[in-house]
Amino acid sequence: MKTASPLDGFNSKALANDALLEVPILIEKISKACKIQEGEVESLLCEVICFLGLIGKLNQKLTPSLVVDLAWHELILCTKYYHQLCETQFGRYIHHHPGGEEKENEQQFLNTINLYTQHFGKPPSKYWGNLAGNIPTGSDCGPCSSI
């Protein structure tokens with residue numbers, strides 16, 4: 001019997017869609033910052049929201065991939081919406097903390113991938129790297145935490 005997860009029922013696609021309806025400028029901003037087509041923004045934003053879900057619902061200090069981090073930066077800049085998203089979905093604001101030691105970032109990134117796989121299935125390599133081969137290190141920004 002599968003045990004209940006705090007992420008059961010978490011719908012990143014619906015949350016990403018809501019974000020793009022509320023803050024349509026995110027389409028252009030994320031597309032430019034991450035060098036992706038505008039049609040891919042919703043998928044990438046789903047990954048950002050999954051990442052935030054892991055932090056917020058599991059109370060973990062995690063590190064995203066670089067492209068997920070860059071998209072997160074754009075979401076954070078929409079301060080009113082980002083604050084509301086954090087409060088309504090996670091009960092608190094999720095802070096972004098750049099920096100940290102490379103080894104710590106790599107370990108947190110591996111933890112992110114393990115938790116992602118456990119709760120959402122295999123992460124899309126397009127946004128998280130090729131997990132079958134070399135595991136990429138964490139984001140250039142370093143650990144991102146919920147402190």
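None of the figures in this text is laboratory data; all of them are computed from the coordinates on show. Values in this document were obtained by computation on a predicted structure and should not be read as measured data. Methodologically, a virtual Cβ is constructed for each residue, glycine included, from the backbone with ideal geometry; neighbour enumeration extends over all protein chains shown.
Some observations on this one:
- About the Cα centre, charge dipole magnitude for the chain (Lys/Arg +1, Asp/Glu -1 at Cβ), debye: 280 debye
- For SER31, SER125, SER65, the sequence from fewest to most other C-beta atoms within 10 Å is SER125, SER31, SER65.
- Residue-averaged 222 nm ellipticity for the chain, from DSSP H runs of 4+ at -39500 (n - 2.57), nearest 500: -18000 deg cm²/dmol
- Note on LYS13: lysines with a C-alpha under 26 Å away, same-chain residues under 8 apart excluded, are LYS2, LYS29, LYS32, LYS35, LYS57, LYS61, LYS80, LYS122, LYS126.
- Calculated from backbone phi, Karplus (6.51, -1.76, 1.60) coupling profile of the range 89-106 in Hz, x at Gly/Pro: 8, 10, x, 6, 7, 9, 7, 9, 10, x, x, x, 7, 4, 4, 4, 4, 4
- Karplus-derived HN-Hα couplings along the range 7-14 (A = 6.51, B = -1.76, C = 1.60, θ = phi - 60°), whole Hz, x at Gly and Pro: 9, 4, x, 6, 10, 5, 5, 5
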